[in-house]
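Student: Have a look at this one before I ask anything.
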Amino acid sequence: MAVLRPAGDFDRSYEQDMSLVRQKWQWGVLIAGLIMLFTLPRLGNTYIITTLNQIAYTVVALQGLNLLTGYTGQISLGQAAFMLVGGYAAGLGAKELGLPFYLSIPFAGLIAGLVGLIFGLPSLRVKGFYLAMATLAAQFIIPWLTRQPKFEAYLGGTNGFIEVPVVTFLEYRFGELSDFVYISLGVMLITTVLTINVTRTRMGRAFVSVRDNDLAAELLGVNLFHYKLRAFFLAAFFAGLAGSLRAFSQRGVGTQFGYGLEESVLFLGMLVIGGLGTNLGPFLGAIFIILVEDLALWMGATLAETFPAQAAQLLTSFRPLFFGLALVLFLIFEPRGLAHRWRLLKASWRLRPFAR
Amino acid sequence: MEKRTKRIRNLFVTIGVALLVVWLIRPYTNWILVPQQIINGILNGGTLALIALGIVLIYKASEVFNFAAGHMVMIGAYLVWWFAGGVGETALISLPLWAAIIAGMIVAVFIGFFIERFALRPMTGQPLLAIVLMTLGLAQIMQGLTTVLFGVTPKGNFPAPFSPSDVFNIPIAPINDVSIVFLNRLQLGHARLATFIVALLAAAIFVAFFNYTRTGLAMRATSENHELAQSVGIKVSRVFGLSWAIAGVIATLGGILLATLTGVSLSLSTVALAAFPAILLGGLESFLGAIVGGLLVGITVALVQTSTIVEVRNSAEIAPYVLLLIVLLIRPEGLFGQKRIERI
């Protein structure tokens, strides 16, 4: 989509044309936003810190899924399973290999990416529902493998849970979530810059061409197999990063913490609600759905206090209900997601006296 | 001529591969259990085949792949359980089983129509991902609604007409001069046999409906070509609604059959998910494929359980998905599906 720019906003050099942040006031807003983001955990509110951490690693996972589903057009129902792989890789890397956290996080990404490549192999022959099915198979097979009694010593066996050591850096322990959240935010910022740049390169344009018409893309010289596998690798790599962040922040990893099919569906839903194939989508979708889920949890807890007899069902039922409703309503009324709304809002602000 | 030789060659290749597989797994299989497990697999696969039929029906009519099928199965089972007074003394309504089944099916018809009209109709012409996500979103809503209405604890008191523990014993003379020794009897569970017969009957009714009634013919015409069907006076939107309604009835029936064996619980939706591998194995566009695929998945799961290796035995729960991956890599269109020919 062509970016609408106000009159008088010209590029005078190549650097200027390629720059992400165009104007001085944008730098100002960006720096002010970052300062706000990084002082937020210092306010000491536990809810803000946990939610911020959750949003940060979810955004990382969503950015990977966005590259695969939003840009390359391959449906994946296995993102949560790749997160699980990343979590285990990070945990085992830190525990068994003694990697410091700044190595074990990319290590987790690499391992998850390689697993993602295996399950991306069918993407050459099949697409659409069929590919969704292949990734669905990944979503069932990987958590099952981690629960095997044979790997109990390493992966936690039928309980499906291992402990992950505290992140330490130069004698400083990131044991508290209020400290660890900075690592999550840092990784989130790095991956954000990375995804924005990936989508602007040859690879990103190849992804989009595969999505829009894969046969035409092949005729234009895009090697479908390479690019689909690259998209799968990137998606799983980001999922691995997200999984490692989640494992370190929850101080454990395993199927006890979730990582099921519901979570993969949740990621796809967040992406659609935020806006598929947009750089803003993962942020808006993650924030929206996580807040909706928290609302659902709060509502369930409040109602459970009033009706203690039905506490169990009230606590668990509102999350899928709210998420499903939000997803269905967005698909019917705003299939292009919140990012599209934001764009409309910006356009109408620019055209202010004349916009509807 | 060429086609025929190709077919014969394929037949030989298939038989050869099958023999090779049997020879390879020979030392790791408990052959005594195999005949019994094949029968169990076929009986279990009948229910899967029925659920798969419902998904194929919707796919053929409207090219929507119904990921919510598992949850429709679950809701159907819960509805029948509720109408039959499963709640206990505080039940609002307590019907005999046959009436509860009919009531559950009527509600399922309305749910089907409702889903088609208010969720899928606005999605006409949207990309594939949006439609997939719509059915996934519907599945989440159904999950939430079922939990809030019926609670999280599994209900063991499904009013099944057959107890799962009753069995028919069929004596078989032991064959001693062959290295493969059968147990000298085969067991047929009453409940399993009954569910299989019901599933088979339902599938037969379903096929008859499609071949001999006016509405069924209209639905087949629609699945061939929407525009042509519309031009000969078939109301395509009505056919879509009808296909969802029938799928609702089929899912409810599948739910009843599953619940007869295991009781009603939220995990029924996961059990019914094994119908997806069945469909892809059989081919997305084929009713026959759905039935054969369901039976094959049932047999595969049962045979995996006869292995002497404990790790392989444990893998019964993911066996359908491994099978699915193999099918996708070797023959993505399935056994009876149409090969895709793509044009720009």
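The values are calculated or read from the model by the stated rules, or taken from the named source; none is laboratory data. It should be emphasised that the depicted structure is a prediction, and the values quoted were computed from it without experimental measurement. Here the Cβ is made from the backbone with ideal geometry for all residues, glycine too, and neighbour counts use every protein chain on show. To get the accessible areas, we keep the full protein, side chains included, count just its heavy atoms, and leave off ligands, DNA and RNA. Shrake-Rupley method; radii C 1.70, N 1.55, O 1.52, S 1.80 Å.
Student: Give the number of residues within region B:11-67 that are open to solvent by 30 Å² or more (accessible area, probe 1.4 Å) and not in a helix (DSSP H, G or I).
Tutor: So the count comes out to 2.
Student: Can you name every residue in region A:266-287 that is at pLDDT below 90 and aliphatic (A, V, I, L, M)?
Tutor: Passing the criteria: A:L276, A:L280.
Student: Which count do you get for residues in region A:87-102 that are part of a helix (DSSP H, G or I) and touching a residue at least 24 places away in the same chain (Cβ under 8 Å)? Steps first, answer last, please.
Tutor: So the first thing to find is which residues in region A:87-102 are part of a helix (DSSP H, G or I), and the list is A:87-95, A:101-102.
Remaining after also requiring touching a residue at least 24 places away in the same chain (Cβ under 8 Å): A:87-92, A:94-95, A:101-102.
Qualifying residue count for the region: 10.
Student: Quick one: which residue in A:T46, A:T51 is under 14 Å from A:S184 (Cα atoms) and of a type outside the set (G, A, S)? Before the answer, list the steps.
Tutor: Details: A:T46 fails: under 14 Å from A:S184 (Cα atoms).
So the residue among A:T46, A:T51 that is under 14 Å from A:S184 (Cα atoms) and of a type outside the set (G, A, S) is A:T51.
Student: Would you mention how many residues in region A:327-344 are touching a helix residue (DSSP H, G or I) at 6+ places or on another chain (Cβ under 7 Å), open to solvent by less than 30 Å² (accessible area, probe 1.4 Å) and more than 8 Å from every other protein chain (Cβ to nearest Cβ)?
Tutor: The number of residues fulfilling the criteria is 3.
Student: Any residue in region A:76-86 that is surrounded by fewer than 24 Cβ atoms within 10 Å (Cβ to Cβ), touching a residue at least 24 places away in the same chain (Cβ under 8 Å) and farther than 19 Å from A:Q256 by Cα?
Tutor: Narrowing region A:76-86 to residues surrounded by fewer than 24 Cβ atoms within 10 Å (Cβ to Cβ): none.
No, because not a single residue in region A:76-86 is surrounded by fewer than 24 Cβ atoms within 10 Å (Cβ to Cβ), touching a residue at least 24 places away in the same chain (Cβ under 8 Å) and farther than 19 Å from A:Q256 by Cα.
Student: Something else about it: Can you tell me which of (1) farther than 21 Å from A:V187 by Cα; (2) aliphatic (A, V, I, L, M); (3) surrounded by fewer than 24 Cβ atoms within 10 Å (Cβ to Cβ) is the one A:L284 doesn't meet?
Tutor: All conditions pass for A:L284, except number (1).
To keep it simple, each residue is scored yes or no on (1) surrounded by 11 or more Cβ atoms within 10 Å (Cβ to Cβ); (2) touching a helix residue (DSSP H, G or I) at 6+ places or on another chain (Cβ under 6 Å).
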residue: A:D9; (1), (2): no, no
residue: A:S19; (1), (2): yes, no
residue: A:W25; (1), (2): no, no
residue: A:A32; (1), (2): no, no
residue: A:M36; (1), (2): no, no
residue: A:N45; (1), (2): yes, no
residue: A:T51; (1), (2): yes, no
residue: A:Y57; (1), (2): yes, yes
residue: A:V60; (1), (2): yes, yes
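Listed here are the residues, each with its yes/no results for (1) of a type in the set (V, I, T); (2) away from chain B (no Cβ under 11 Å); (3) closer than 20 Å to B:G137 by Cα; (4) open to solvent by 40 Å² or more (accessible area, probe 1.4 Å).
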site	(1), (2), (3), (4)
A:G275	no, yes, yes, no
A:D294	no, yes, yes, no
A:L297	no, yes, yes, yes
A:T302	yes, yes, no, yes
A:Q310	no, no, no, yes
A:Q313	no, no, yes, no
A:G324	no, no, yes, no
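Student: If you go through region A:62-75, how many residues are away from chain B (no Cβ under 12 Å) and open to solvent by 10 Å² or more (accessible area, probe 1.4 Å)?
Tutor: Counting residues in region A:62-75 that are away from chain B (no Cβ under 12 Å) and open to solvent by 10 Å² or more (accessible area, probe 1.4 Å) gives 1.
Student: Based on what the data block shows, is B:V304 of a type in the set (V, I, T) and without any contact (Cβ under 8 Å) to a residue 24 or more places away in the chain? Working first, answer last.
Tutor: Working: of a type in the set (V, I, T): yes; without any contact (Cβ under 8 Å) to a residue 24 or more places away in the chain: yes.
Yes; evaluated as a whole, the condition is true for this residue.
Student: State which residue is modelled with the highest pLDDT when the search covers only region A:106-164 and only residues that are of a type in the set (V, I, T) and in contact with a Pro (Cβ under 8 Å, 6 or more places away or on another chain). Talk me through it step by step, then tell me what you get.
Tutor: Taking region A:106-164 first, the residues of a type in the set (V, I, T) are A:111, A:115, A:118, A:126, A:135, A:141-142, A:146, A:158, A:162, A:164.
Narrowing the set further to residues that are in contact with a Pro (Cβ under 8 Å, 6 or more places away or on another chain) leaves A:126, A:158.
On the way: A:V126: 76, A:T158: 66.
Checked region A:106-164; the qualifying residue modelled with the highest pLDDT is A:V126.
Student: Now for a separate question. Identify all residues within region A:173-196 that are farther than 12 Å from A:L245 by Cβ, open to solvent by 60 Å² or more (accessible area, probe 1.4 Å) and in a helix (DSSP H, G or I); write none if there are none.
Tutor: Filtering region A:173-196 down to residues farther than 12 Å from A:L245 by Cβ leaves A:173, A:175-176, A:178-179, A:189, A:192-196.
If we keep only those that are open to solvent by 60 Å² or more (accessible area, probe 1.4 Å) too, we end up with A:173, A:176, A:193-194.
If the condition is that a residue be farther than 12 Å from A:L245 by Cβ, open to solvent by 60 Å² or more (accessible area, probe 1.4 Å) and in a helix (DSSP H, G or I), then A:V193, A:L194 are the ones that fit.
Student: Any idea how many residues of region B:122-161 are open to solvent by 80 Å² or more (accessible area, probe 1.4 Å) and either charged (D, E, K, R) or closer than 25 Å to B:T262 by Cα (or both)?
Tutor: So the answer is 5.
Student: Can you tell me which residues in region B:223-239 are in a helix (DSSP H, G or I), open to solvent by less than 100 Å² (accessible area, probe 1.4 Å) and modelled with pLDDT under 85?
Tutor: Taking region B:223-239 and keeping what is in a helix (DSSP H, G or I), we get B:223-224, B:226-231, B:236-239.
Next, only the ones that are open to solvent by less than 100 Å² (accessible area, probe 1.4 Å) stay: B:223, B:226, B:229, B:231, B:236-237, B:239.
Residues satisfying the conditions are B:S223, B:H226.
Student: Let me ask something else about it. Would you mind finding the one in B:G216, B:G282, B:G254 that is more than 27 Å from A:K127 (Cβ to Cβ), in contact (Cβ under 8 Å) with a residue 12 or more places away in the chain and out of contact with any strand residue (DSSP E or B) (no Cβ under 6 Å at 6 or more places or on another chain)? Even if it seems obvious, please write down each step before you answer.
Tutor: On the way: B:G216 fails: in contact (Cβ under 8 Å) with a residue 12 or more places away in the chain; B:G282 fails: more than 27 Å from A:K127 (Cβ to Cβ).
None of the others qualify; the one that does is B:G254.
Student: For region A:230-255, give me each residue that is modelled with pLDDT under 90 and either under 19 Å from A:L136 (Cα atoms) or not in a helix (DSSP H, G or I) (or both).
Tutor: Listed by number, the residues that qualify are A:R251, A:G252, A:V253, A:G254, A:T255.
Student: Sticking with this structure for a sec: So is A:F257 within 15 Å of A:A81 (Cβ to Cβ), more than 14 Å from chain B (Cβ to nearest Cβ) and open to solvent by 60 Å² or more (accessible area, probe 1.4 Å) or not? Can you show your working first?
Tutor: On the way: within 15 Å of A:A81 (Cβ to Cβ): yes; more than 14 Å from chain B (Cβ to nearest Cβ): yes; open to solvent by 60 Å² or more (accessible area, probe 1.4 Å): yes.
Taking the combined requirement at face value, the residue satisfies it.
Student: Could you tell me which residue of region B:101-152 is nearest to the other protein chains (Cβ to nearest Cβ), considering only residues that are outside any helix (DSSP H, G or I) and within 30 Å of A:D212 (Cβ to Cβ)?
Tutor: B:Q126
Student: Checking A:V126 against (1) open to solvent by 10 Å² or more (accessible area, probe 1.4 Å); (2) within 10 Å of chain B (Cβ to nearest Cβ); (3) not in a helix (DSSP H, G or I): exactly one of these is not met. Which one?
Tutor: (1)
Student: Is it true that A:V115 is within 14 Å of chain B (Cβ to nearest Cβ), open to solvent by 10 Å² or more (accessible area, probe 1.4 Å), out of contact with any Asp or Glu (no Cβ under 9 Å at 6 or more places or on another chain) and not aromatic (F, W, Y)? Walk me through how you get there before you give the answer.
Tutor: Numbers: within 14 Å of chain B (Cβ to nearest Cβ): yes; open to solvent by 10 Å² or more (accessible area, probe 1.4 Å): yes; out of contact with any Asp or Glu (no Cβ under 9 Å at 6 or more places or on another chain): yes; not aromatic (F, W, Y): yes.
Yes, satisfied.
Student: Every residue in region B:191-208 that is open to solvent by less than 50 Å² (accessible area, probe 1.4 Å) and in contact (Cβ under 8 Å) with a residue 12 or more places away in the chain, please.
Tutor: Within region B:191-208, the subset open to solvent by less than 50 Å² (accessible area, probe 1.4 Å) is B:191, B:193-196, B:199, B:202-203, B:206, B:208.
Hits for region B:191-208 are B:A191, B:L193, B:A194, B:T195, B:F196, B:A199, B:A202, B:A203, B:F206.
Student: Could you please find all residues in region A:199-229 being open to solvent by 70 Å² or more (accessible area, probe 1.4 Å) and acidic (D, E)?
Tutor: A:D212, A:E218
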